[in-house]
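Written out below as structure tokens is the structure these notes cover.
The values are calculated or read from the model by the stated rules, or taken from the named source; none is laboratory data. From a predicted model like this one, the values you see are computed outputs, not experimental measurements. Using ideal geometry, Cβ is built from the backbone for each residue, glycine included, and neighbour counts are taken over all protein chains shown.
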């Protein structure tokens, strides 16, 4: 790459051709600092989105970036009146605590493995947690490191102190100095703990069936040890380490990371680590709420995947073995169906080395499993094979075309090829390919069942449905990605074979309605059919979580062809407009009873579900980028706010939040697997991306505001830019995008349609 390469008309033409070819809870993190002195982490509000409109809410997670020691308050939900003990580690996003700590002063008969607390004055920052257990009169302070953490407990009552430590399903023991043990978290995977109090207890006993009994070992369900401290104890500090390898490694982790019992110092270290991570992007202009939404979203992109290497080793649930990482950290807990769309492209842009390590881990997982298939939902305890399609191939291609090479491309291709051609395409299934897949290979689509027709194909998960349109469309994109990898590796015959299959979406396009419409095994469109409500619960009999109005646009890899199928730019734009304007069609209670994941509605558009994330940018491809600018700003303002309901739906640990990060910066990766971004409408007057190669890319949006959301003119590195696209080369080489913003649409800017 050549730094500061001048933009030319030829470059713009080439890029356009490429496009066608590949076709309020309060600020808990702000403290009392003067606003002008705030650093990025001060704008993070972990409570944003903790009350969901309907789906799973966000969690106020305390952790360091991509570290596996994560905690959040364990309660029924944000409005839950009681805390269930104090968490020691949450082993998966949305999971409960593997180990639990419960301080207590009172009658022994009231001891429980996990004590329910009344609480007040809770404060959460990414690097710190504090709460007051008001009935117990105990002040709690917490600080995390990467694989270890520290609690400080301050007691106000003059009573003996009990500490109840619980493993939900495992074993604990006390050796006179420290507590250690494990919990089984499924699939032959254990999480281990080593916990060391600063002051030795006066006694250690076992809590069994509500009674204290002599002993220093507890096993089974709710295994519980109780450490007792004498009357007059006013403060206890406990450091502990977590491991997925063994108890000895848990001890090594805490000894390595926490030298003493200074909570404030550990919090300060965590704050610096977070500022370094969030400081990869600097923004100015806008208001404080804009910055809170931006940096909170960026913080959530560091929640997963997690790095589980410990002193150069890691336990892999994919083969049940401990491995040397050979200098490349191992990552897991990555819900790729969500993350491929914007989360992984964001990593490529701001943290390329980490993304290489993640993709190297994907390939390693495939090598470790019984079949050499790319994972779909790799978690701490293995691949859960959730959702539909195999979009890990898109993450591989996206990294490759953007210049990342820290993984074996040949192995990656073979693992992706196996996942798409040898594993069944049936959703939520890890079974080998079967009858359904043979039909797809022959006919180019997944056949749908008619109402009342029973499922007979064994590879379809018992509680799921085929999702025939969603799988056909998603697999067409995956196969296109596979074709591009084949081409990059010089496998020209395979490239041609897969490229032809990447047009399979056409097989379900209804020429009269211009929707993707399910067909039966005889090739007949299923009629009658309602594009809002047909398909049963979650529309899974035809689509997947979202209805036909969302899946109408699920051809990320060939948008120019989709435009032509719909009859050209005007028809395409009209169909987009109709989606945003189409009413629910039933009462909210009836609509969401059938389509509970299809939330965050603007008409039939669903801001709360990831297949919608690219849709607002599609106006750019049909010659009306001003509508993308308007729509993006409207959606950000409507659905992403600095309050406890400020996220519209399932935020699965960074997937949706990455959309917010990109969109507030002013561009978005519509098609992962192509080195280009679609321009939207920047929220901030000035944004600077501090790139991994030491260069910077800046976005200057003059006069931008809530009303001045329309691009009047643009320059890239001083040269006129008249198309709504940026290449990855533009960004990674460093430079400046300058936009003049106004309150009325300039309908002539950026109208050049892709040619090819």
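Looking at the structure I just gave you, is residue 692 within 22 Å of residue 354 (Cα to Cα), touching a helix residue (DSSP H, G or I) at 6+ places or on another chain (Cβ under 8 Å) and assigned to a loop (DSSP other than H, G, I, E, B)?
Judged against the criteria, residue 692 is a match.
Only one of these conditions is not met by residue 457: (1) surrounded by fewer than 24 Cβ atoms within 10 Å (Cβ to Cβ); (2) in contact with a strand residue (DSSP E or B) (Cβ under 9 Å, 6 or more places away or on another chain). Which number is it?
(2)
Quick one: in region 188-222, of everything that is on the phi > 0 side of the Ramachandran plot and under 35 Å from the mean Cα position of the chain (by Cα), which residue is surrounded by the most Cβ atoms within 10 Å (Cβ to Cβ)?
Within region 188-222, the match that is surrounded by the most Cβ atoms within 10 Å (Cβ to Cβ) is 222.
Could you please find all residues in region 21-57 being modelled with pLDDT under 95, within 22 Å of the chain's Cα centre (by Cα) and under 23 Å from residue 278 (Cα atoms)?
29, 57
Could you list, in sequence order, the residues of region 695-720 that are touching a helix residue (DSSP H, G or I) at 6+ places or on another chain (Cβ under 8 Å), more than 20 Å from residue 732 (Cβ to Cβ) and surrounded by 18 or more Cβ atoms within 10 Å (Cβ to Cβ)?
709, 710, 711
Got a number for residues in region 409-431 being touching a helix residue (DSSP H, G or I) at 6+ places or on another chain (Cβ under 6 Å) and outside any helix (DSSP H, G or I)?
3
Just to be sure, is residue 73 out of contact with any strand residue (DSSP E or B) (no Cβ under 8 Å at 6 or more places or on another chain) and within 23 Å of residue 380 (Cβ to Cβ)?
No; evaluated as a whole, the condition is false for this residue.
Select, from 213, 255, the only residue that is out of contact with any helix residue (DSSP H, G or I) (no Cβ under 8 Å at 6 or more places or on another chain), assigned to a helix (DSSP H, G or I) and either at pLDDT below 95 or more than 18 Å from residue 658 (Cα to Cα) (or both).
From the options 213, 255, the qualifying one is 255.
Only one of (1) at pLDDT below 95; (2) buried (at least 18 other Cβ atoms within 10 Å of the Cβ) is not met by residue 109, so which one is it?
(2) is the only condition that residue 109 fails.
If you scan region 131-152, which residues turn out to be under 14 Å from residue 103 (Cβ atoms) and in a strand (DSSP E or B)?
Scanning region 131-152 gives 131, 132, 133, 138, 139, 140, 141, 142, 151, 152.
Failed condition for residue 659, given (1) modelled with pLDDT of 95 or more; (2) assigned to a loop (DSSP other than H, G, I, E, B); (3) buried (at least 24 other Cβ atoms within 10 Å of the Cβ), with all others met?
(2)
Which residues, taken from region 389-422, are surrounded by fewer than 22 Cβ atoms within 10 Å (Cβ to Cβ) and in contact with a strand residue (DSSP E or B) (Cβ under 9 Å, 6 or more places away or on another chain)?
422
Just to check your reading of the model, which residue among 655, 680, 666 is closer than 30 Å to residue 592 by Cβ and more than 18 Å from the chain's Cα centre (by Cα)? Talk me through it step by step, then tell me what you get.
Values: 655 fails: more than 18 Å from the chain's Cα centre (by Cα); 666 fails: closer than 30 Å to residue 592 by Cβ.
From the options 655, 680, 666, the qualifying one is 680.
Would a scan of region 639-653 turn up a residue that is surrounded by fewer than 23 Cβ atoms within 10 Å (Cβ to Cβ), assigned to a helix (DSSP H, G or I) and modelled with pLDDT of 95 or more?
For region 639-653, residues surrounded by fewer than 23 Cβ atoms within 10 Å (Cβ to Cβ), assigned to a helix (DSSP H, G or I) and modelled with pLDDT of 95 or more: present.
Condition check ((1) touching a strand residue (DSSP E or B) at 6+ places or on another chain (Cβ under 6 Å); (2) assigned to a loop (DSSP other than H, G, I, E, B); (3) under 30 Å from residue 638 (Cβ atoms)) across all residues:
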residue	(1), (2), (3)
677	yes, no, yes
682	yes, yes, yes
701	yes, no, yes
706	no, yes, yes
723	no, yes, yes
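When you scan region 308-345, how many residues do you find that are touching a strand residue (DSSP E or B) at 6+ places or on another chain (Cβ under 8 Å) and either buried (at least 16 other Cβ atoms within 10 Å of the Cβ) or closer than 22 Å to residue 370 by Cα (or both)?
Count: 21.
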